[in-house]
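**Q** Quick one: structure below, then a few questions.
What follows draws every value from the coordinates through simple rules; no lab data is involved. Just so it is clear, the model here is predicted, and its values are computed rather than measured. Counting neighbours? That spans all protein chains shown, and the Cβs are built from the backbone with ideal geometry, glycine included.
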């Protein structure tokens with residue numbers, strides 16, 4: 001199964017992906033590893049990504065997902081993916097994708113950014129939050145305001161539901 005974790009900075013996409021790896025035998029991959037130098041510079045300089053930057057990047061991600069899926073049947077892939085257009089492109093290339101929106105309250109996200117090891121600053125996160133397009137495509141939601149046990153419980157319920165469908 002391909003689970004694609006998306007959402008705002010510091011919502012906990014990586015955290016949820018790591019739990020999928022630790023508790024449910026998924027391979028986890030952080031799409032930020034493939035950020036282009038141009039995108040890394042934009043984050044560093046506090047500039048939003050342009051449409052052209054995103055389009056090139058999501059072409060790379062579609063290929064990366066295909067490469068990883070050939071080796072790992074249970075893959076959790078995370079990337080913020082602010083634009084519905086890019087989520088649609090990924091779904092067209094990988095029609096069996098399961099989208100999971102990772103959410104956390106704004107205060108929780110901003111506290112994580114101010115205390116964490118994230119290259120995104122609080123100011124940058126506030127600036128880019130307005131660019132996030134709510135998903136119109138089918139997706140599930142994991143709430144990441146509580147602790148690990150709560151996330152494990154939500155993921156276990158989601159995966160059990162998928163097992164029942166098979």
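**Q** Arranged from highest to lowest average of other beta-carbon atoms within 10 Å per residue, in what order do the peptides 12-22, 63-73 appear?
**A** Put in order of decreasing packing, that is 12-22, 63-73.
**Q** Here's another thing I want to ask about it. Could you please rank 142, 128, placing first whichever residue has the fewest other Cβ atoms within 10 Å of its Cβ?
**A** Least crowded to most crowded, the residues run 128, 142.
**Q** Per DSSP helix of 4 or more residues, -39500 (n - 2.57); summed, then divided by the residues of the chain. What does that give at 222 nm, rounded to the nearest 500?
**A** -16500 deg cm²/dmol
**Q** To continue, here is another question. If you average the sequence gap of Cα pairs under 8 Å that are 6 or more apart and divide by the length of region 1-137, what percent do you get for the contact order? Walk me through the numbers before you get to the answer.
**A** Working: 176 pairs, mean separation 60.7, N = 137.
Here the relative contact order equals 44 percent.
**Q** Taking the Cβ of each residue in 165, 35 as the centre, tally the other Cβ atoms inside 10 Å and list the residues starting with the fewest.
**A** 165, 35
**Q** Relative to the present Cα-Cα distance, how much length would full extension add between residue 67 and residue 141 at 0.36 nm per residue of separation? All intermediate terms of the calculation are to be shown ahead of the outcome.
**A** Working: separation 74, 0.36 × 74 = 26.64 nm, distance 2.61 nm.
That pair, residue 67 and residue 141, stretches by 24.0 nm at full extension.
**Q** Still on this structure: Fewest Cβ neighbours within 10 Å first, please rank 158, 113 accordingly.
**A** Lowest to highest Cβ neighbour count: 158, 113.
**Q** Right, something else. Rg and Dmax of region 2-165, Cα atoms, in Å?
**A** My reading of the Cα-based Rg and Dmax gives 15.2, 47 Å.
**Q** Take the alpha-carbon centre of region 99-143, take the same for region 144-159, and report the distance between them in whole Å.
**A** For region 99-143 versus region 144-159, the Cα centre distance is 17 Å.
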